[in-house]
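Beneath this line is the structure, given in structure tokens, with notes to follow.
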Amino acid sequence: MRRFIAACVVAPLLVVLAYRLVTDVFITEETKIERQIHKGRKAVENESILTVASLVAEDYRDKYGHDRSELLAGLRSFFQTTDGLQISITEVHVTVDDTGAEAFVRFSISGVLDGQRFEGLGSNGAETVWLRFTKRDGSWQVIEAAWADDE
């Protein structure tokens, strides 16, 4: 009877351990970054500043001179004027190197801005953003960003 009880306890633990190994340990860095990008998409759709903040490095600086606090303040302001944000990611290209990683993310966004429905931020409805990542405490964070058209 003890062996049966022990098996009932140990078997689920082994299944969970195997799952964690497959989903977290044996995946590529590119896949981990793609997961962070999709986590960011969900955070913006849910207007979760805290989740977005966890994805952005403390020493973030974009090519326009904005730091992390300015980025988050701008996003907070955007959330106050929009409703029903939906983001569709159509392409993600990730490259990992010795100093970090970069990603090009093509997406479209829609929602309601100041009471008016909008589709896309620009004239063509689809945008591409460039993101530079750094790995801190085992997690990938955005350290720099720019619109790909500005590159």
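Here are the numbers for this structure:
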read-out	value
Residue count for the stretch 80-90, restricted to those that are in contact (Cβ under 8 Å) with a residue 24 or more places away in the chain and either outside any strand (DSSP E or B) or under 19 Å from the mean Cα position of the chain (by Cα) (or both)	7
Qualifying residues in the stretch 101-150 (those that are among the acidic types (Asp, Glu) and modelled with pLDDT of 95 or more) - the one nearest to Asp59 (Cα to Cα)	Glu144
Number of the exception - Asp137 against (1) in contact with a helix residue (DSSP H, G or I) (Cβ under 8 Å, 6 or more places away or on another chain); (2) within 21 Å of Glu30 (Cβ to Cβ); (3) among the acidic types (Asp, Glu)	(1)
Extreme residue, modelled with the lowest pLDDT, among residues of the stretch 40-63 that are assigned to a loop (DSSP other than H, G, I, E, B) and surrounded by 14 or more Cβ atoms within 10 Å (Cβ to Cβ)	Asp62
Condition met for Phe104 (of a type in the set (Phe, Trp, Tyr), out of contact with any Asp or Glu (no Cβ under 8 Å at 6 or more places or on another chain) and assigned to a strand (DSSP E or B))	no
Residue in the stretch 140-150 that is within 19 Å of the chain's Cα centre (by Cα), among the acidic types (Asp, Glu) and part of a strand (DSSP E or B) present	yes
Residue in the stretch 20-39 that is among the aliphatic types (A, V, I, L, M), touching a helix residue (DSSP H, G or I) at 6+ places or on another chain (Cβ under 7 Å), at pLDDT 95 or above and surrounded by 10 or more Cβ atoms within 10 Å (Cβ to Cβ) present	no
Residue match in the stretch 64-78 (condition: on the phi > 0 side of the Ramachandran plot and surrounded by 14 or more Cβ atoms within 10 Å (Cβ to Cβ))	no
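The values are calculated or read from the model by the stated rules, or taken from the named source; none is laboratory data. Please read all numbers here as calculations on a predicted model, not as lab measurements. Neighbour counts are summed over all protein chains in view; Cβ atoms, including those assigned to glycine, are modelled from backbone coordinates with ideal geometry.
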